[in-house]
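One structure is given here, and the rest of the page talks about it.
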Amino acid sequence: MALIEARDLTKTFPGATRRAERIAVLGGICLTVEAGEMVAIVGPSGSGKSTLLYCLSGLEAVSSGSVRLMNEELTQLRRADLARLRRDRIGFVFQSFNLIPSLSARENVALSGRLAERKIERSDVDLALAEVGLSDRARHLPGALSGGQQQRVAIARILATNPDIVFADEPTGSLDTVAGREVLNLLRKAADGTRSVVMVTHDLDAAAGADRVLVLRDGLIHRELLAPSAEEVFAAITQTRSGAQA
Ligand code: ADP
Ligand code: MG
C-alpha cells in the first residue's frame with residue numbers, strides 16, 4: 001500500500017521584492033512511498049530536499065499538485081484535520097533534535113502523548129526509551145546528553161506515538177560517525193513493514209542503507225536508484241552536479 005503519493009507537486013516562494021518573480025523551488029515532483037519502505041532523498045545543497053520533505057509532511061503548503069498521505073489529500077484537508085493527521089500519524093526528526101531543554105528525556109518522550117491528547121501509557125514511554133537504548137538516561141535533561149543520545153530521545157518520542165510515516169531531515173547532520181550509525185539503525189528499524197521512513201541526507205552510506213534513493217536536482221527528481229551502493233549514490237550525485245561534464 002502506498003502511504004505517500006505526490007503528483008506534480010510544485011512549490012514556489014515569493015521573490016525578495018513585491019515585483020520580483022516568484023522563486024520556483026520544486027518543479028513538478030511525482031513520487032510514491034510504499035508502506036515499510038525507507039526512502040532517502042539526496043542532492044546538492046539548495047536543490048529543494050528540505051522543502052520537499054516539508055511539503056510531503058504538510059508542514060508547508062504546496063503551490064500546486066497533489067499530496068496524498070494514507071489516502072488523505074493534504075491539499076483538501078481543513079487546517080484542524082491536517083494538524084491532527086500530522087500529530088497522530090506523522091513523526092518528524094530534525095537535524096537539531098528539537099527537545100525541550102527543561103524536560104528530562106522521559107518527559108520529552110511522554111510529552112508527545114500529551115500533545116496528541118491521547119494517553120500514552122507509562123509502559124509505552126519506557127518501551128520507546130528502551131528501544132533506543134536509553135533506559136538508564138531517562139531522568140537526564142537534554143543538556144546532559146550527547147548529541148547522539150539527544151537524537152535517540154527524539155526518535156523515542158516519535159516511536160511512542162507509533163506514527164505511520166517518519167520524516168527525517170539530515171538526522172545525522174550534527175553527529176559523529178558512530179552516533180550517526182546508531183541513529184540510522186534506529187530509523188532503518190522504524191521502517192518495519194507498515195511504517196515508512198523518508199530521510200534527507202548528504203551521507204552516502206546512510207543513503208545506501210535505504211531501499212530507494214531519489215536524487216534531487218534543481219527541484220526535480222533527477223535519478224531514482226534501487227538499493228544502491230554508496231559508490232552508486234556518489235556517482236549519481238556527482239553526475240548531477242557536473243551535468244554533461246565528467
Ligand atoms: P536543501 O534542503 O536541498 O538544501 P531547501 O529546500 O532548503 O534546499 O531550499 C531550496 C531552495 O528554496 C533554496 O534556494 C532556498 O533558498 C529556497 N527556500 C527555502 N525556503 C524558503 C522560504 N521560506 N522562502 C524563500 N525561499 C526559500
Ligand atoms: Mg535542507
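The values are calculated or read from the model by the stated rules, or taken from the named source; none is laboratory data. As the structure is a computational prediction, the values presented were derived from the model and not from experiment. Every residue, glycine among them, receives a Cβ derived from its backbone with ideal geometry; neighbour counts consider all protein chains shown. Quick note on the areas: whole protein, heavy atoms, side chains included, nothing else; ligands and nucleic acids left out. Shrake-Rupley method; radii C 1.70, N 1.55, O 1.52, S 1.80 Å.
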> For segment 18-33, how many residues are part of a strand (DSSP E or B) and in contact with a Ser or Thr (Cβ under 7 Å, 6 or more places away or on another chain)?
Replying inline: 7
>> If I ask for residues that are farther than 18 Å from residue 50 by Cα and open to solvent by 80 Å² or more (accessible area, probe 1.4 Å), which ones from segment 213-232 would you list?
In response: 226, 231, 232
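Here's the yes/no breakdown for (1) under 18 Å from residue 75 (Cβ atoms); (2) within 16 Å of ligand 2 (Cβ to nearest atom); (3) at pLDDT 95 or above; (4) of a type outside the set (Val, Ile, Thr):
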| position | (1), (2), (3), (4) |
| --- | --- |
| 3 | yes, no, yes, yes |
| 27 | yes, no, yes, yes |
| 33 | yes, no, yes, no |
| 52 | yes, yes, yes, yes |
> Can you tell me which of 136, 124 is of a type in the set (Asp, Glu) and at pLDDT 95 or above?
Replying inline: 136
> Is it the case that segment 42-57 has a residue that's free of Cβ contacts under 8 Å to residues at least 40 places away in the same chain and of a type in the set (Lys, Arg)?
Replying inline: no
>> It is to be established whether one or more residues within segment 35-42 are surrounded by fewer than 21 Cβ atoms within 10 Å (Cβ to Cβ), on the phi < 0 side of the Ramachandran plot and modelled with pLDDT of 95 or more.
In response: yes
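For every residue, the table says whether it meets (1) acidic (Asp, Glu); (2) touching a Gly at 6+ places or on another chain (Cβ under 9 Å).
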site	(1), (2)
123	no, no
131	yes, no
158	no, yes
178	no, yes
> Inside segment 6-25, can you point out the residues that are modelled with pLDDT under 95 and among the polar types (S, T, N, Q)?
Replying inline: 17
>> Going by what's in this entry, would residue 203 be described as within 16 Å of ligand 1 (Cβ to nearest atom), at pLDDT below 95 and open to solvent by less than 50 Å² (accessible area, probe 1.4 Å)?
In response: yes
> What are the residues in segment 21-33 that are away from ligand 1 (no atom under 11 Å from the Cβ) and either open to solvent by less than 20 Å² (accessible area, probe 1.4 Å) or of a type in the set (A, V, I, L, M, F, W, C) (or both), if any?
Replying inline: 29, 30, 31, 33
> Considering only segment 34-56, how many residues are within 13 Å of ligand 1 (Cβ to nearest atom) and not in a strand (DSSP E or B)?
Replying inline: 14
> How many residues are surrounded by fewer than 14 Cβ atoms within 10 Å (Cβ to Cβ), charged (D, E, K, R) and at pLDDT 95 or above when one looks only at segment 55-80?
Replying inline: 2
> Quick one: is residue 221 within 16 Å of ligand 1 (Cβ to nearest atom) and either within 24 Å of residue 68 (Cβ to Cβ) or in contact with a Cys (Cβ under 6 Å, 6 or more places away or on another chain) (or both)?
Replying inline: yes
